[in-house]
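All remarks here apply to the structure that follows.
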Amino acid sequence: MSEPSVNAASFASPLVRTAILVRNLERSVRFYAEVLGLEETRLDATITDPRAAGLLGHPGDTIQNVRIIKSGGPPVGMIGLFEIDPLQGDDPIPSGSARAGETCLVFYVRDLADLEARLAEAGAEIVGPATDISIRAGHSSREMIFRDPDGGLINCLERSPGAGGEGYVLGPDP
């Protein structure tokens, strides 16, 4: 792979938001709030601008019901949940093991056992149960991967509230 010709650090900002196209907005909002605690709403809107539909390659009369959610703190790491009406295509919901081309959201959580209980209550598919893994010498983590209601992959790594893990500190207990 060749080196980029533009300094990547000055070309684009760090990732601000991930957009997820969902089949049922309220079900997805409830899932992300109940399972991961993403309860802060930054935007709750219906977008009817045909140019917004065009960005997705959809017809101009497509409506987008949008909710942008996040945990507390600065406006980064947000998730935009987009319900498209009318829904384009009827693709099956992904399940089972991860495949090429899929995206996986990654979060730190305080307690994977608590998360597993929330997932069981939500009826979520666990792709890989809580497991201790070592990726490189001197570094190990406990993590798991599961799917959201539309089959999106989510990876959670267990961290204690004060753990520095790449500069992130989990907030107070809920």
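Scaling the Cα radius of gyration of the range 61-134 by the globular reference 2.2 N^0.38 Å produces a ratio of 1.40. Of the accessible area of the chain, computed with a 1.4 Å probe over protein heavy atoms only, carbon and sulfur atoms account for 54 percent.
The convex hull defined by the C-alpha atoms of the range 13-75 has an orientation-averaged projected area of 5.1 nm². Residues in the range 1-114 average 65 Å² of solvent-accessible surface per residue, probe 1.4 Å, ligands and nucleic acids excluded. If you take all other residues with their beta carbon under 12 Å from the beta carbon of ILE68, and give Lys and Arg +1 and Asp and Glu -1, the sum is +2. With contacts taken as Cα pairs under 8 Å at a separation of at least 6 residues, the chain carries a relative contact order of 19 percent. Subtracting the Cα-Cα distance of GLU40 and ALA122 from 0.36 nm times their residue separation leaves 27.6 nm of extension gain. Each listed q (0.11, 0.13, 0.14 Å⁻¹) maps to a log10 I(q)/I(0) for the range 1-153 from the Debye sum over equal C-alpha point scatterers, namely -0.55, -0.75, -0.86. Against the chain, whose longest principal axis comes from its Cα atoms, helix 112-122 is set at around 40 degrees.
The values are calculated or read from the model by the stated rules, or taken from the named source; none is laboratory data. Predicted model only: the values in this text are computed from it and were never measured. Quick reminder, even Gly has a Cβ in these numbers, built from the backbone with ideal geometry, and neighbours come from all protein chains shown. Side chains included, ligands, DNA and RNA excluded: accessible areas come from the protein's heavy atoms. Shrake-Rupley method; radii C 1.70, N 1.55, O 1.52, S 1.80 Å.
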